[in-house]
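Enquirer: Once you've had a glance at the structure underneath, I'll fire off some questions.
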Amino acid sequence: MSNHANQQVKDKVRVRIAPSPTGHLHVGTARTALYNYLFARRHGGTFVLRLEDTDEVRSKDEYTKDIIDGLKWLGLTWDEGPDIGGPYPPYKQTDKIDHYEHFADKLIKNKTAYLCYATTEELTALKEEQKETGQAPRYDNRGRDLTDAARTKYEAEGRIPSVRFIVEEPRMVSWHDSIKGEIAIDTSDLGGDMVIIKSSGVAIYNFAVVIDDIDMKITHVIRGEDHIHNTAKQLLIYEALETDPPVFAHAPLIFDLERQKLSKRKHGESVHIDYYRKKGYMPEAIVNYLTQMSWTHPEEKEIYSLEEAALVFDLDKVSKSPAVFDVDRLNWFNGHYIRQLPIELITERALPFLQDFDLKQYSKEDLEHIVSALRNNLTTLSEITDAARFFFDAKPTIEAEVKETVLKGDKAPIVLKILLDKLSSFEFADPASCKKTVDALGKEIGMKGKDLYWPIRAALSGTTHGPDLGATISILGEKRVRTRIETALEHCCLSK
Ligand code: GLU
């Protein structure tokens, strides 16, 4: 490969999303994944999915699956990672324990790390003492200059050491952040020398992440602002490994309307992407909403697809200030996409919410007509279960109040009788003509508005509101309409 080609490969954008499979895919992680994805696409780069499972206790396969499913559902497909070449999942940190140890040995050799023999009990006692004296919890670097005699004694006691990285203090670690601008962190705020390999042999996140980012030639680390102190620690490790660090960009945190961080404890399942998936949100709406939450489209467009955003996305247009998660606004986006996406797609997505009904009684085309008639009034697709019920029930349940106020009235039998008499004159295939015929019959009997429509709606759907009347008649077809009017008429007579 020529030097020039080498340079091109070197400069090629490589970004990653590195979720820990210790919980379901969080809205914040999805937003970070989205920004990484858009950045990669914008620059013709590579987007990597890496699972950070260094927390052996809390990492679970079910969360790995949820994260993978959620990212795929959102359309944030990765170019390297699970499912793409190699074993599944290829980028698990727990598979690379020896590899991290090798780098830790290198640091021990160049005297930027050391073996620490402090026991859990000793460290807990230290914390207690600091608490009592009102100090911030931190490691007191006691293991940094152990004598050979002390080390031999600890080893004879059977203590298994961890590896700690030396954090020199005081010192400022500073960098130019592609979103936040200039950042400087005082190493005195980093909690003392940090463990990089636990005594169990497992690498700690701040260490593993550096090695992985080096291994994967990551050029830009785009992640949440809550990692700013970690970035300072990681920059120190890059320095000790004599490796150039990637560019860092910290996206603002996401708050609720009361300016509280989005958290499982406060907001329950609504912080998880899966929650929106189950409720029938459109992935296009979530992606559009999350993208515009902290990023401004250069033409200030509000509605755009992932592909459209990828053409113009860059980090300089990402806001520095916190984002606000407002479910009403998300619902606005969702309603928009439910109305605008192709009807075949929305029908397919609606089917899981219609599973309890006997779907076979309608053709595919009619199912699309049902969804089309209902979708204008839906905020989430899950609402279609109740909205569509009357199309499928042999006899729609008539609301008590509707029975009382509409069917018991003196107008209902007149309207329903003429409808029944003239039913054969309806052109059922044409919703607009069905509506016209209803209006014409109304004219004949001197009725319009709710006097005319409510009894018909009550008979057909059991309620006085709902989708377009012409569409409803057309979809139900002659046989169902006849049966429903006959039933409602019986009801009128009984109640008289
Ligand atoms: N596993 C970390 C997290 O889920 C990754 C942070 C990073 O991007 O470095 O927060």
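Enquirer: Cβ-Cβ distance below 7 Å, separation of 6 or more or different chains: which pairs start in region 434-461 with a residue that is over 18 Å from Phe391 (Cα atoms) and end on one that is among the basic types (Lys, Arg)?
Expert: Leu441/Lys422; Gly442/Lys448; Met447/Lys411; Asp451/Lys411
Enquirer: Turning to a different aspect of this structure: Which residues, taken from region 233-257, are in a loop (DSSP other than H, G, I, E, B), under 17 Å from Arg14 (Cβ atoms) and within 14 Å of the ligand (Cβ to nearest atom)?
Expert: Those that are in a loop (DSSP other than H, G, I, E, B), under 17 Å from Arg14 (Cβ atoms) and within 14 Å of the ligand (Cβ to nearest atom): Pro245, Pro246.
Enquirer: Is it true that Ala125 is modelled with pLDDT of 95 or more, over 20 Å from Val202 (Cα atoms) and not acidic (Asp, Glu)?
Expert: yes
Enquirer: Another question about this same structure. Give the residue that is farthest from the ligand (Cβ to nearest atom), with candidates limited to residues of region 189-214 that are without any contact (Cβ under 8 Å) to a residue 40 or more places away in the chain and more than 23 Å from Thr119 (Cα to Cα).
Expert: Ile214
Enquirer: Given (1) touching a residue at least 40 places away in the same chain (Cβ under 8 Å); (2) open to solvent by 10 Å² or more (accessible area, probe 1.4 Å); (3) part of a helix (DSSP H, G or I), identify the lone condition not met by Asn230.
Expert: (1)
Enquirer: So, of the residues in region 267-322 that are open to solvent by 10 Å² or more (accessible area, probe 1.4 Å) and at positive phi, which turns out to be modelled with the lowest pLDDT?
Expert: Gly268
Enquirer: Hey, another quick one. Specify the residue that is modelled with the highest pLDDT; the eligible residues are those in region 209-223 that are surrounded by 21 or more Cβ atoms within 10 Å (Cβ to Cβ) and charged (D, E, K, R).
Expert: Arg223
Enquirer: What are the residues in region 258-305 that are part of a loop (DSSP other than H, G, I, E, B) and among the aliphatic types (A, V, I, L, M), if any?
Expert: Scanning region 258-305 gives Leu262, Met282, Ile303.
Enquirer: Okay, next question. May I ask you to verify whether Leu489 is modelled with pLDDT under 95, over 14 Å from Thr437 (Cβ atoms), assigned to a helix (DSSP H, G or I) and not aromatic (Phe, Trp, Tyr)?
Expert: yes
Enquirer: Find the residue count for region 24-53, including only residues that are outside any helix (DSSP H, G or I) and open to solvent by 20 Å² or more (accessible area, probe 1.4 Å).
Expert: Qualifying residue count for the region: 5.
The values are calculated or read from the model by the stated rules, or taken from the named source; none is laboratory data. All values reported here derive from a predicted model rather than from experimental measurement. Counting neighbours? That spans all protein chains shown, and the Cβs are built from the backbone with ideal geometry, glycine included. Areas reflect the complete protein model, heavy atoms only, side chains present, ligands, DNA and RNA absent. Shrake-Rupley method; radii C 1.70, N 1.55, O 1.52, S 1.80 Å.
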